[in-house]
Each structure stands twice: as structure tokens, then as C-alpha cells.
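Undergrad: Before anything else, here's the structure in question.
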Amino acid sequence: MRESVSYGVRNSVAVLTLNSPPVNAMGQTLRRALKTHLETALADDSVEAIVLTSCGKLFSAGADIGEFAAGVFTAEPSLPGLFDQIEASPKLVVAALNGGAFGGGLELALACHYRYVVPEAQLGFPEVSLGILPGAGGTQRLPRLVGAQTALEMITSGRPVSAYAARKSGLVDELHSGEEEFVSSAVGFTRLLLKEGAPLRSCRRLSVDLTKLPDGYLRQFRDEVALRSKGFYAPLRCVQAVEAACTLPFREGLKREAELFLECLHTPQARAQQHLFFAERECATIPDLSKKTRPRVLKLVGIVGAGTMGGGIAMAFVDAGIPVRLLDKDKESLERGMNVIRDNYHNSVLRGRLTCEQVEARMALLQGTLFFDELGDADLVIEAAYENMAVKKEIFATLEWICKPGAILATNTSTLSVDEIAAATARPQDVIGLHFFSPARIMRLVEIVHGSRTAPEVVVTALEMAKKIKKVGVVVGVCFGFAGNRMLEPYMREANRLVLEGASPERVDRVLTDFGMAMGVFSMADMAGNDVGVQIRQSRPDQYRHDPSFFLISDRLYRMGRFGQKSGRGFYGYQGRNRIVDPEVNALAEELAASLGIRRRPIDDVEILERCLYVMINEGAEVIAEGVAIRSGDLDVIWCNGMGFPVFRGGPMQYADEIGIDGIVAGIRGYRQRLEEYGAKWFTPSPLLERLAQEGKKLGQFRKGQQP
């Protein structure tokens, strides 16, 4: 059985090596082994100093997050207690970081007397993204080493810093250089410290230097964090913990940090953010796929369509160093698309995110073409034409005989049947949906639509592709709208209906953004283009004939030429990008409601929020019950990464679990009665929700294949 920490002695220096793949998470087993070997080294008179290093690519990714939910993260030896013991060591302790150190891994390094690091390492505290703060001394030791300003930026942002930046700030003492093997070099560095009589530097003996900070800096930083982290709980507590380091003795600061850590840990925000952390990782686990399935090689990508979506997808691949051939139907469209891409990169240069040399290197990976034949040697071709089945079938029929055997043929459709598109080819096993979300270069989500005949290795390749281009890939099945847009439809439907019943568009949007949505329904419709939604609905008229109020306002605005921001008027008026409330829309709602006999009435904020969210959650339950999605966490990843659902609520399905499934079911039944004929049509609880409510279970406990 492999030891989680190995022990050896080199030149009178004990070397303790973390050896708990894949990330050296500091669970109880590792903590216990580290404590045992530390005490062995301290008791050995022949050992003059101690080096802590690790196997693998990382030093340590930090605490074992799974212990939080299990309630064993405080089990002895605790991280704070272990780090105190290291810091108090009478023998010199050097952290030799052979790779990244994050969270508790960086706190371990901070507890050591010196830090010796490989140049390519990154160091950081990502805890804020999990709804917590560094709870093993990180908020107290870091500002004492690097100052309050750098500490606040690192801890509240969660962003890592490079080894070079860490060296400059004082977080790192020395960077590894030369050809000598890293651990041997770290031992040599430690021997040099011993020879020079280097002191046992302890953060507990340092104070935070506030003399270089501007007057009122801490207060101003706190106010800025409060403004940009609305809805999140942890960021302000991170600030408070660092403030404790600035104003309290070390021991009292540690006590305050522990209090703030526990405050964060037991919040809905922490549960939500940790749920998403695990859900994103679980997305890649597909029950029906063998672990032996190997992905196909992707060396060249072809993209059909150089418009906004095609250009954004092209940039995502080029950013990852993957060559792209971008095709469009005519020279003017292709040149316009290529120019937009270059302009976008130029803007990145102006913002300091890229150099001119980097832009040219990326543009060199991008080749425009007007000829399908030039996609013949591509390993993956993504169709990004507009949402029309006939057009897509024609493109795929062409790709079927142009592309080489084994090439993956993907459609970026947001709603249409991947199976029907695949039927236009003689190789449906090679066809898959890759639904990128707009703007494609920026949005992290890709819905990977598994057709009924898609080969397993094509799905695995799509998941690997998503990782390469730094996206989150979520596998879903075939249905209209797949998972994200299928849930979006009832959400938007209910918002439109609420306006007919008496709520204004700006009121509905305000309620939703106060809840935490990135945008309100009507602002989103105006940004995307009201014409897009109408064209999608026109492609399936049978769905809407049985309810004349279905998206009636949107359809009327479309006929009036009010397409949203692109036309200067939609649900709102626009002056540039500035949104202006338009009383004509409310007048139109009154007119349409009267024509349908809909009684308008005052509607409170609670009803607006519940009706919009409950129908979305209800549809999500159906998506899971039908097996379109594998688990509820997949839907949460989709909605938080592609649809603007607040991360601090963990996604719609996690939110339902948090507030209680029984309450959701009762609410749906209540609106079914209150809304009379309309309620009878649209407010029927999903059988899965009803079952879970009866059994006192959560959506998170349900998996594809279980009977609702």
C-alpha cells in the first residue's frame, strides 16, 4: 500500500514527500502521515533540517473539499494545528514547491520557514470560489509576508499568481534554476541556509506593514468588494479576515479567521458553490461510456459560417493553439468575419491581455476559405449556419462526401434535432451536436448533444475538445432545445405571460436581477434579438397553437420591426446601449390582454420570481426524468455557465434542493389553481418532483435510468 507521505534523508536533511494522487489533497490520512514523519524528523538528532515537497505535477491543491460535507475536516490532526506545529519547529523547514500550491497547500508552504519554487508554478487561494476563505492561517500569514494589498487581491479574487510575481512580493524566497534535479537543488538550498545561519522565520513574529497604504484603503477595498460580489457571502469575510491580520495579534487573528471560516462554511452560498465545483467535474462522467474509449485526434478544425457564432468558435480553438479553416459562402462575408476576429484580438491588445506578437501567431493559425473541398482534411468540422433545418441538412450532405473518413461532423444548432441532421449523411455515427453559447469565445459552456447513433469515441473526443479549449462540456440527449434552451422556454413564456397579466417588463427584469440573474428576460431577448426567438418558434408552430397568449407580445414586437438592441427598440428603447423604459410596451400589453380577455391585476415580486423559476425547475425535472440530462448537477452547470443563473445559488436545481422540493411542488399546485385555465395548462408538477417531495429526497440524488 502506497504511503500518502514518504520519508527519506539526504545529506542530513529529511525530505517529506506528499504522495497522494492526483492532487495531494490534504485529507485526514495525509495530515496524519505528514505529522508522523515531521515528528520522526524532529526526534532524529542526525537530521538538521526538513524539506517538504511532493510527487506529481502539483505540490498540493489544498484541503479535501469532500471532508466539508462529511463533517470530518476538523478531525485530528487539523490543518491549523499541523501548520502551527510546522511553524514552531526548532529545525529549519523549507517548502520545496515542485508545482502549483493552492488553498491549504499554499497555507502549508506559508507555515514553513522558507519557500523554494519551480519557476512554472502558480500559487493561490481559490477558496472564495467555493464560498469560503482560507481557514488554516492563510489570511493571517499571507498579509504578514506580502502586505495587505497583495493579500487582499489574492484572497478575494481567488486568482493565482506566478512564481515570478510571488518572488517579487516576498511570498517566495528562491526560484529553482539550473540543470540539477529539483529536490536535490532544494536540499542544496536548505544546506546553504544552514551554513549561513539563516533564522527560523515565522509569520507569527511579523506584523502587517500598513504604512505604505493610502488613507482609508481598507475601507475603500471593502466597499469595492461589496459592490462587485453582490449575493456572495465569502468575499467580504475574506476582507474581514485580512483586516484581523492588520489589527490583531497573530493568535487572535487566527481565532477570528476560524470564526469567519465557519460562518462561510454553513451558508447556502458555500453549499451552492461547492455543489457547482463537484458538478463540473462530474459532467465528464458518462455512465454508458467505457473508460477504455479513446478520443480521436484533433489537429485541424473546420468551421462552416464566419458570422458571430462561427467567428467566436474559431477564436476559441485558435486561442488553444488549434489550427482552423473558416468557410463562408462569399468573399464579402468571409472577409467581414475575418476582420471581426482581428478587431477582437486588437481590442485584447489594447486591454493589455495579448501582445501584438501573440495576435499574429493566432491569426497565423486561422485560414479563410470559400471552398468546401478545403475542409476535406479537417478532423472536426463544426457547422455554424443559422437555425434552419433545410440549410443544415444541405451542409451536412456536402460534408458527408467532402470530409475524410473518421472526421467528426458537428452542428452548433441550439434547438434542432441532431438525429435528423445526422440522417442527411451516410455516417450518423460521426455526427454530434456542439452547442456553443454566445459569445462563443467567452462563454464557458458547450452542450455536447449525443445523437441516437453517435459513436462513443466521438462523445469522448468532444469532452476532451472542451477541456482543450477551456470550456465545460455537458453531455445531453436529443430533444427540442436540448437542456438549456428547453428550460429557458417556460422561463421566458412565464415572463411574457406576467406582462400580459399586469407586470411591466422592467419590473420582471428587476425581480430576476435582484435574485441574481445576470440579465432579466426582456433585456436578454433584446440583446439576442427578438427576431431570433420568433424564427425558432415559427419552426415549430404546433407547440403554440393551443395557447394564443404564448409569446404574443414578442411576436407583435417582431411584426413592428422592434428586434431589440440591433434595431434600437424592442421591449425597451435604446440610446446606444443605454436601456430606456418604453411606455408603448405596457400599452401594447394592455391592448393584447383585453383582446384575449386576460384580467390585469397587481402582481407582487414573490409571484413574479416563483412563477418564472418554478416552471424552469419543473421542466428541468422532466429533462432529467426523460434521460435528456444525466443528473441535476449537469443542468446547474449549464445554467450557471451558459444562461446567467447566479453561481451563489448553485443553479436552478440546487436552488430547488436548497429551498425544498415540497415547497416547489406546493407552489406549482397553488398557481395551477389560482391561474385557472392558464394554470391548468402550464402548472402541472413533474411526476419526478412529486415523487421526490413525497420521499423527502432531493433532485441531486436522482440519476438517469431511475424510474420517476
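Bear in mind that the values in this text are calculations on the coordinates, not laboratory data. Predicted model, so just to flag it, every value in this text is computed and none were measured. When we count neighbours, we look across all protein chains shown, and the Cβ atoms used for this are built from the backbone with ideal geometry, even at glycine.
Undergrad: Among 438, 89, 554, rank each residue by its count of other Cβ atoms within 10 Å, from fewest to most, as a rough exposure measure.
TA: Final ranking by Cβ density, sparse to dense: 438, 89, 554.
Undergrad: Can you tell which of 637, 700, 659 lies farthest toward the positive end of the dipole of the range 555-708, using +1 and -1 charges on the Cβ of basic and acidic side chains (Lys, Arg; Asp, Glu)?
TA: So the residue we want is 637.
Undergrad: Under the √(5λ) rule applied to the eigenvalues of the Cα gyration tensor, what semi-axes describe the equivalent ellipsoid of the chain? Give them in Å, descending.
TA: Ellipsoid half-lengths, sorted descending, are 49, 31, 25 Å.
Undergrad: Under 14 Å from the Cβ of residue 264, count the other residues' Cβ atoms, weight Lys and Arg +1, Asp and Glu -1, and hand me the total.
TA: Summing Lys/Arg as +1 and Asp/Glu as -1 gives -1.
Undergrad: Evaluate the charge dipole of the chain about its Cα centre and quote only its size in Debye, nearest 20, assuming +1 on the Cβ of each Lys and Arg and -1 on the Cβ of each Asp and Glu.
TA: Its charge dipole is roughly 320 debye.
Undergrad: Kirkwood Rh, Cα Rg: Rg to Rh for the range 5-265?
TA: Here Rg/Rh amounts to 0.96.
Undergrad: Return the long-range amide H neighbours of residue 449 (sequence gap of 5 or more, or a different chain), with a cut-off of under 5 Å between placed amide H atoms.
TA: Under 5 Å from the amide H of residue 449 lie the amide H atoms of 433, 434, 435, 476, each far enough along the sequence or on another chain.
Undergrad: Which residue, chosen from 194, 109, 234, occupies the Cα position most advanced towards the positive end of the dipole of the range 5-265, where the dipole is computed from +1 (Lys, Arg) and -1 (Asp, Glu) charges on Cβ about the Cα centre?
TA: Toward the positive end, the furthest listed residue is 234.
Undergrad: Kindly put 386, 114 in sequence by how many other C-beta atoms sit within 10 Å of each C-beta, fewest to most.
TA: 386, 114
Undergrad: How big is the charge dipole of the range 301-476 about its Cα centre, in debye rounded to the nearest 20, if each Lys and Arg gets +1 on its Cβ and each Asp and Glu gets -1 on its Cβ?
TA: Dipole magnitude for the range 301-476 comes out near 600 debye.
Undergrad: As a test of the formula, what do you get for the chain when each DSSP H run with n ≥ 4 contributes -39,500 (n - 2.57) and the sum is divided by the residue count, at 222 nm and rounded to the nearest 500 deg cm²/dmol?
TA: It lands at -15000 deg cm²/dmol.
Undergrad: A follow-up question, please. Within 10 Å of each residue's Cβ, count the other Cβ atoms and sort 457, 196, 394 from fewest upward.
TA: 196, 394, 457
Undergrad: Work out the charge dipole of the range 301-476 with +1 on the Cβ of Lys and Arg and -1 on the Cβ of Asp and Glu about the Cα centre, then indicate which of 370, 403, 451 is farthest towards its positive end.
TA: After comparing all options, I get 451.
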